[in-house]
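What follows is a single structure, written as structure tokens, with notes after it.
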Amino acid sequence: MKDNIFKFIDTSEALAVELETELTKRPAIAPDSGGTGELDKCEFLEGWLKAHGITGLERHDAPDPRAKGGVRPNLIATIPCQGDGSDATIPGAAGHSRLWIMSHLDVVPPGEASLWNSDPYTVVRKDSGSRPDGSTLGPHLIGRGVEDNQQGLVSSVLAVLALVNAGIKPARTVKLLFAADEEVGSAYGIVWLMENRDLFHKDDMVLIPDGGDSNGETIEIAEKNLAWVKFTTTGLQAHGSRPDQGANAHLAGADLAVRLHYGLSAKFSAHDPLFEPDYSTFQPTKKEANVPNINTIPGEDVFYMDMRILPQYPIKAVTAEIDRIKAEVEARHRVKISYTLPQQVESRATPADSALVKRLSGAIRDVYGVETRPIGIGGGTVGAALRNADIPAAVWCRIDETAHQPNEYTLIANILGDAKVMALLMLDAG
Ligand SMILES: [Zn+2]
């Protein structure tokens with residue numbers, strides 16, 4: 001059974017290239033990034049899947065008047081398991097978990113055109129090449145979206161086609177989700193689906209093939225809590241020579257930024273080896289302009305911080321400490337400070353010993369011969385939406401991480417190898 005499936009995948013390079021080429025021709029760029037959305041790409045994929053025998057298709061369109069067709073389409077392909085669902089002892093039947101593989105349809109714009117060696121929307125196949133570090137690249141495809149996220153998308157389709165072709169039903173029902181809007185926050189993608197549809201069961205498992213490393217040895221199961229904070233400091237404007245008559249909002253804001261950086265780092269100082277870096281980070285980032293001239297003491301100051309906090313610390317604990325530090329700075333500089341959180345995401349982790357992670361590690365070992373390790377990342381990804389609903393989600397694929405870069409590429413060996421890993425997961429009845 002496994003031999004048949006691997007043989008099908010090993011000989012499906014032409015299918016992979018065809019699908020990558022057609023998908024890349026249809027740039028699915030979000031309206032927020034100047035595009036028209038995912039409709040053309042989604043409709044093409046629907047037709048292609050149907051023509052190749054994958055018929056259990058459903059669309060969940062999030063309304064978005066800015067996009068072509070007024071919608072941001074989310075497509076689901078269901079491949080039912082053995083049995084009709086009435087026998088609960090058959091894996092995948094009612095009460096059993098389903099395996100989801102979630103990829104995204106949208107891509108980011110190509111960026112600076114002169115940095116591309118070929119047209120971003122025309123897939124180019126190369127037999128060999130080299131990475132920036134000098135190591136050699138095997139056969140690969142170049143184009144916008146070929147890796148992010150069409151590598152994972154195509155792998156998941158090949159895995160299903162291999163089963164369909166061999167006449168094998170998966171051990172548990174498989175759901176391929178092709179989601180909209182991943183690149184700009186998922187408000188019309190997974191976040192919309194979680195709020196407006198009842199798709200996921202608590203005992204489901206979700207593989208997100210949209211992040212990883214060149215060896216395929218890291219499985220992302222957790223992320224830091226994310227908080228972006230905007231600080232507005234109000235003082236009193238004065239002539240540069242008369243600070244005694246004013247209250248320097250910039251000086252106070254700078255003092256605040258320094259105290260927050262060091263104070264929060266000291267207070268929330270735990271280390272967790274799952275993450276890189278393995279500690280919470282509190283970084284002052286964006287700074288808004290204040291006065292245009294040098295000889296005026298500014299009466300207002302605005303800066304932002306990007307905070308990535310280990311999941312053991314709730315964001316509320318951090319804002320309590322911010323309040324304490326803010327009061328010190330207000331008293332010292334005779335200013336008023338207010339703040340807002342334009343973005344905050346708390347995230348639970350998928351346990352490293354969960355069935356999903358164990359099965360995935362086993363399948364990766366079988367296909368690639370590597371031992372995996374769980375990792376956490378910086379925060380604010382699609383995984384959080386699922387994990388916070390207690391649905392196990394793991395981000396994994398074998399990629400060089402060329403996403404969003406000019407001359408983005410994907411290795412054909414990775415498309416096919418990852419398809420094998422996914423097929424093994426689909427067959428795993430454990
Ligand atoms: Zn992506």
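Structure notes:
- Tensor-based shape of the stretch 339-386 (alpha-carbon gyration tensor, a/c under 1.5 rounded, otherwise prolate or oblate): prolate
- DSSP loop trypsin sites (Lys or Arg not before Pro) with at most 13 other Cβ within 10 Å excluded, longest remaining stretch of the chain: 203-333
- The stretch 39-87 - convex hull of alpha carbons, volume per residue in Å³: 70
- Accessible-area composition of the chain, carbon plus sulfur, in percent [1.4 Å probe]: 52
- 3J(HN,Hα) along the stretch 52-63: 9, x, 9, 10, x, 10, 9, 10, 10, 8, 7, x Hz, from the Karplus curve 6.51 cos²θ - 1.76 cosθ + 1.60 with θ = phi - 60°, whole Hz, x for Gly and Pro.
- Between the C-alpha center of the stretch 267-309 and that of the stretch 3-69 there is a gap of 40 Å.
- Formal net charge of residues neighbouring Arg373 (Cβ-Cβ distance under 11 Å; K, R +1; D, E -1): -4
- Rg to Rh, two decimals, where the stretch 1-43 supplies the alpha carbon set and Rh follows Kirkwood: 1.25
- Cubic angstrom per residue, convex hull over Cα atoms of the stretch 225-335: 89
- Estimated [θ] at 222 nm from DSSP helical runs (n ≥ 4, -39500 (n - 2.57)) normalised by residues in the chain, nearest 500: -10000 deg cm²/dmol
- Across the chain, C-alpha contacts under 8 Å between residues 6 or more apart give a mean separation that, scaled by the residue count, equals a relative contact order of 23 percent.
- Applying D = kT/(6 pi eta Rh) to the stretch 149-200, where Rh is the Kirkwood radius over alpha-carbon pairs, T corresponds to 4 °C and eta to 1.567 mPa s, the Stokes-Einstein value obtained is 101 µm²/s.
- Take every DSSP beta bridge whose two residues both sit in the chain; close to 70 percent of them are antiparallel.
- For the chain, with +1 on Lys and Arg beta carbons and -1 on Asp and Glu, the positive-most of Asn149, Thr281, Leu105 along the dipole: Thr281
- Cα gyration tensor shape of the chain, rounded if a/c is under 1.5, else prolate or oblate by comparing a/b with b/c: prolate
- Over the stretch 14-150, Cα pairs under 8 Å with separation of 6+ residues give a relative contact order of 23 percent.
- For the stretch 110-234, size of Cβ-based charge dipole, Lys and Arg +1, Asp and Glu -1, in debye: 300
- Net length available on complete extension from Lys25 to Glu276 is 86.7 nm, with 0.36 nm assigned per residue and the Cα-Cα distance removed.
- Taking a sphere under 13 Å around the Cβ of Lys287 and counting the other residues whose Cβ falls inside, with K and R at +1 and D and E at -1, yields a net charge of -2.
- Computed on the stretch 54-193, the Cα convex hull volume stands at 170 Å³ per residue.
- A simple rule links phi to the HN-Hα coupling: the Karplus curve 6.51 cos²θ - 1.76 cosθ + 1.60 with θ = phi - 60°, which for the stretch 344-360 gives 8, 9, 9, 9, 8, 9, 8, x, 5, 9, 5, 4, 4, 5, 5, 5, 4 Hz, with x for Gly and Pro.
- Distance histogram for the stretch 257-414 (every C-alpha pair counted, 5 angstrom bins, percent rounded to whole numbers): 1, 7, 12, 15, 15, 13, 11, 9, 7, 5, 3, 2, 1, 0
- With contacts taken as Cα pairs under 8 Å at a separation of at least 6 residues, the stretch 247-349 carries a relative contact order of 33 percent.
- Whether the stretch 364-430 is rounded, prolate or oblate, judged on the alpha carbon gyration tensor where a/c under 1.5 counts as rounded: oblate
- Look at where the Cα atoms of the stretch 155-171 and of the stretch 177-244 average out, and the two centres are 32 Å apart.
- Per residue, in Å², the accessible surface of the chain once ligands and nucleic acids are set aside, probe 1.4 Å: 43
- With all pairs of separate Cα atoms included, the stretch 115-215 yields a Kirkwood hydrodynamic radius of 16.7 Å.
- Under Karplus coefficients 6.51, -1.76 and 1.60, residue-wise ³J(HN,Hα) of the stretch 19-25 in Hz, glycine/proline x: 5, 4, 5, 5, 5, 5, 4
The values are calculated or read from the model by the stated rules, or taken from the named source; none is laboratory data. Keep in mind that what you see is a predicted model, and the values were worked out from it rather than measured. Neighbour counts run over all protein chains shown; Cβ positions are idealised from the backbone, glycine included. In case anyone asks, the SASA skips ligands and DNA or RNA and just uses the protein heavy atoms, side chains included. Shrake-Rupley method; radii C 1.70, N 1.55, O 1.52, S 1.80 Å.
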